[in-house]
Amino acid sequence: MFGFCIKVYGCQMNVYDGDKIRTAMILKGWREVPETDADVVVYVGCSIRDKAEHKIWSEMGRYRPGWEGKKSPIVCLVGCMAQNVGRDMMKRFPWIRMIAGPRSIGFIPDGLIRAVSGERVDLLDADAREFNDLDVVPIKRDNPWKAYVTIAHGCDYFCTYCIVPYVRGRFMSRDSEEILEEIRALVDDGVREISLLGQNVDTYGADFDRSYRFADLLRDVAETDGVDLVRFMTSYPKDLTADVVSVMAEYPKICPGINLPIQSGSDRILKSMNRHYSIAEYTETVRIIREGLPEVGLTSDLIVGFPGETEEDFMASMEAVRQFRFDLVHTAAYSPRAGTPAAKMEDQLPDEEKFRRLSEINRLQSSIAMEINEATVGRRYRILIDGPAPKGDGLVQGRTMTDKVVICPGEASWAGRFADVKIVRAENWCLHGEISEVEGLS
Ligand code: SAM
Ligand code: SF4
């Protein structure tokens, strides 16, 4: 039987797709092996920014003759990056024998079998309005007690900088019963924490004939026996509704954490980005959230150096970061993506200017995060222990309900249990705590 290895880059949706592909191949009798023993290496690649694509382009060269592995593996590139540049890559690297976009995931197991028998397989021609899903519950995950569940595919918003609608296709909600069935199967497999994924979770159900929306799904997931924690991402500012906030307030097991990408603090730039809200409307959404969920962990995404962004626009983004006091901001320098409207706009900023703005806004956000995190010292939280902390022997880590990483002295065997921790020290990206009690051990 063939040995395969999966390498995932990019967002949680790619992790979820990678888990499904891994599970499907294991169910077909393939073995997951280290890369150097693999007959097939599957890349699930991201195309959101240049940097993500460059990383995989540069990795591809490694498989040329003289490669350190025991076999000469064939390479399969799947996901957003394959949809975007898969054909160019296949021309350049003869060992890439299969390319498949995110909407063809259901065809991947058969495609891989064809690829190992010598065929060159191109699955990029899927209709952007169709989705061929892989009919498996992703039971082969890195973390046994946490699972991602995609609730909607694609996106119809076409922000002018973003490649997602072109590579992931049109917005399509998954059937709620199918989602709940998958969650029940995951719970049977030991999962305690479910993270619901969608480019804009709040538009969930907008394409249904019946009136069943994200708030209804959230309630149904929270009511599912065995689910202990529910998280979700991402929320589009215009669509996040007060009823979602009320359901979150009603169910303690729904973590009060919201990722509400602002993208810019300037109305002029938001318009040019084709984001359908103003800063005044964003402010009102944040007010509703903070009023309904006083303990909320609020995070955001923000792009600096968008075409035409003046110093004044940038200062408006700095002001927004000061005003909203996010717990964390995923900042990025604008990266032109071929085929998107923004890539053709005039007034593209030089890289040095984008990176100057990026480091300035990162410095500001980091000092705000430090202040917020320092205020948690002395407080107690309940966390689900993920496992050993990546750095440091004898340390474990988990996350607060508001999605802050907590690192504590502890034993790896406590992974998958809830623990009560007291915060003793803060950094801008994590908290350090002491565990007073671990569930099931006394
Ligand atoms: N759907 C979410 C929303 O509407 O905000 C975000 C999803 S997008 C996959 C994740 C983040 O990548 C975006 O919030 C944006 O900040 C960043 N991003 C997307 N395209 C980008 C680009 N061309 N350059 C820099 N950052 C980009
Ligand atoms: Fe991209 Fe905009 Fe869709 Fe988010 S809403 S995925 S940023 S197009």
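Report, by residue number, each residue of region 143-166 that is within 16 Å of ligand 1 (Cβ to nearest atom) and either open to solvent by 10 Å² or more (accessible area, probe 1.4 Å) or among the aromatic types (Phe, Trp, Tyr) (or both).
148, 153, 155, 156, 157, 158, 159, 160, 161, 162, 164, 166
Just to be sure I understand the filter: pairs with C-beta atoms under 6 Å, separated by 6 or more residues or on different chains, first member in region 150-168 and under 18 Å from residue 239 (Cα atoms) and free of Cβ contacts under 8 Å to residues at least 60 places away in the same chain, second member open to solvent by 10 Å² or more (accessible area, probe 1.4 Å) and aliphatic (A, V, I, L, M). Which pairs pass?
153/172; 154/172; 155/164
Mind counting the residues in region 309-335 that are surrounded by fewer than 15 Cβ atoms within 10 Å (Cβ to Cβ) and either over 18 Å from residue 266 (Cα atoms) or in contact with an Asp or Glu (Cβ under 7 Å, 6 or more places away or on another chain) (or both)?
Qualifying residue count, region 309-335: 1.
Just for helices (runs of 4 or more DSSP H) wholly inside region 37-117: which have at least 1 residues that are within 16 Å of ligand 1 (Cβ to nearest atom) and under 20 Å from residue 132 (Cβ atoms)? Can you show your working first?
Values: elements: 50-60, 80-92, 108-116.
Of the helices (runs of 4 or more DSSP H) lying wholly inside region 37-117, those with at least 1 residues that are within 16 Å of ligand 1 (Cβ to nearest atom) and under 20 Å from residue 132 (Cβ atoms) span 80-92.
Picking from 396, 405, which residue would you name as being modelled with pLDDT of 95 or more, surrounded by fewer than 19 Cβ atoms within 10 Å (Cβ to Cβ) and closer than 21 Å to residue 143 by Cβ?
405
Determine which single condition residue 26 fails, assuming it passes every other condition in (1) open to solvent by 40 Å² or more (accessible area, probe 1.4 Å); (2) under 21 Å from residue 198 (Cα atoms); (3) among the β-branched types (Val, Ile, Thr).
So residue 26 meets the others, but not (2).
Can you find a residue that is away from ligand 1 (no atom under 16 Å from the Cβ), surrounded by fewer than 22 Cβ atoms within 10 Å (Cβ to Cβ) and within 30 Å of residue 382 (Cβ to Cβ) anywhere in region 197-209?
Within region 197-209, not a single residue is away from ligand 1 (no atom under 16 Å from the Cβ), surrounded by fewer than 22 Cβ atoms within 10 Å (Cβ to Cβ) and within 30 Å of residue 382 (Cβ to Cβ).
Does residue 283 fit the bill of being away from ligand 2 (no atom under 16 Å from the Cβ), more than 26 Å from residue 169 (Cβ to Cβ) and part of a loop (DSSP other than H, G, I, E, B)?
The answer is no for residue 283.
Cβ-Cβ under 9 Å, sequence separation 6+ or interchain: first residue in region 352-375 and over 12 Å from residue 326 (Cα atoms), partner of a type in the set (Val, Ile, Thr) and part of a helix (DSSP H, G or I). Which pairs?
361/321
Give just the number: which of (1) modelled with pLDDT of 95 or more; (2) in contact with a helix residue (DSSP H, G or I) (Cβ under 6 Å, 6 or more places away or on another chain); (3) open to solvent by less than 10 Å² (accessible area, probe 1.4 Å); (4) within 16 Å of ligand 2 (Cβ to nearest atom) does residue 194 not satisfy?
With (1) modelled with pLDDT of 95 or more; (2) in contact with a helix residue (DSSP H, G or I) (Cβ under 6 Å, 6 or more places away or on another chain); (3) open to solvent by less than 10 Å² (accessible area, probe 1.4 Å); (4) within 16 Å of ligand 2 (Cβ to nearest atom) applied to residue 194, the lone miss is (4).
Could you go through region 350-364 and let me know if any residue there is open to solvent by less than 40 Å² (accessible area, probe 1.4 Å) and within 16 Å of ligand 2 (Cβ to nearest atom). Write out each step before concluding.
So in region 350-364, the residues open to solvent by less than 40 Å² (accessible area, probe 1.4 Å) come out as 354, 357-358, 361, 364.
Right, trim to within 16 Å of ligand 2 (Cβ to nearest atom) and you get none.
No - not one qualifying residue is present in region 350-364.
All but one of (1) open to solvent by 10 Å² or more (accessible area, probe 1.4 Å); (2) over 28 Å from the mean Cα position of the chain (by Cα); (3) not aliphatic (A, V, I, L, M) hold for residue 93, so report the exception by its number.
The number of the failed condition is (1).
The values are calculated or read from the model by the stated rules, or taken from the named source; none is laboratory data. Please read all numbers here as calculations on a predicted model, not as lab measurements. Cβ: placed from backbone, ideal geometry, glycine included. Neighbour counts: every protein chain shown. Keep in mind that these areas ignore ligands, DNA and RNA; they rest on the heavy atoms of the full protein, side chains included. Shrake-Rupley method; radii C 1.70, N 1.55, O 1.52, S 1.80 Å.
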